[in-house]
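Written below as structure tokens is the structure these notes are about.
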Amino acid sequence: MPIQSVKPPPGAKSIDQILDEARLNIQRLTPSRLYRELQELDPGWGLTHLVDICPAAQRANEGTLTLTLPKEDSATPKSDSTEESESVHKVHIIERNVLEWRLDPQSDAKVEDIVGPYGYDMRVVVVCSEGYTSSLAASEL
């Protein structure tokens, strides 16, 4: 028996439409813009927290996100610096199914290290392997 095409119900949206709408409500960062942002602390939100929402199996297969920035040395131009240091900004692993609870300042399950003194003004950059799931997740925060 041949597979019949499925006609979507009235008002149904494709995942591409849902993703496009989600991306209208978020600020997407290029790697170079994120790199520039991570060079300094912003007094309005303090640390920038990178939140990796990849599932454990994907992290095991593809690796985990690390954050190491070149050391700043006034005698050495940034582009020539090969030494690296730990960033003051942080990478957190929070799987997608608990993300909203971990980042809600009112939740008993919040991650205090992220929410901290800035509450709703915290700076979070949600990342995943390809940018699709992170776009959908970020639009829900």
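Brief remarks follow.
- Qualifying residue in the stretch 64-79 (condition: touching a helix residue (DSSP H, G or I) at 6+ places or on another chain (Cβ under 9 Å), β-branched (V, I, T) and modelled with pLDDT of 75 or more): no
- In the condition set (1) without any contact (Cβ under 8 Å) to a residue 40 or more places away in the chain; (2) of a type in the set (D, E); (3) not in a loop (DSSP other than H, G, I, E, B), D108 is compliant with all but (3).
- Output for the stretch 1-43, where each listed residue is over 20 Å from the mean Cα position of the chain (by Cα) and open to solvent by less than 100 Å² (accessible area, probe 1.4 Å): P8, P9, G11, A12, S14, Q17
- The sole residue among T133, T82 that is part of a loop (DSSP other than H, G, I, E, B), out of contact with any Leu (no Cβ under 9 Å at 6 or more places or on another chain) and either farther than 30 Å from D20 by Cβ or modelled with pLDDT of 80 or more (or both) is T82.
- Here G46 meets the list (1) at pLDDT below 90; (2) surrounded by 14 or more Cβ atoms within 10 Å (Cβ to Cβ); (3) of a type in the set (G, A, S); (4) more than 16 Å from M122 (Cβ to Cβ) almost entirely, failing just condition (4).
- The residue of the stretch 95-140 that is farthest from the chain's Cα centre (by Cα), among those that are within 21 Å of R33 (Cα to Cα) and open to solvent by 70 Å² or more (accessible area, probe 1.4 Å), is D121.
The values are calculated or read from the model by the stated rules, or taken from the named source; none is laboratory data. Given the structure is predicted, the values throughout are model-derived calculations rather than measurements. All Cβ positions, even for glycine, are placed from backbone atoms using ideal geometry, and neighbour counts span all protein chains on display. SASA here: full protein model, heavy atoms, side chains in, ligands and nucleic acids out. Shrake-Rupley method; radii C 1.70, N 1.55, O 1.52, S 1.80 Å.
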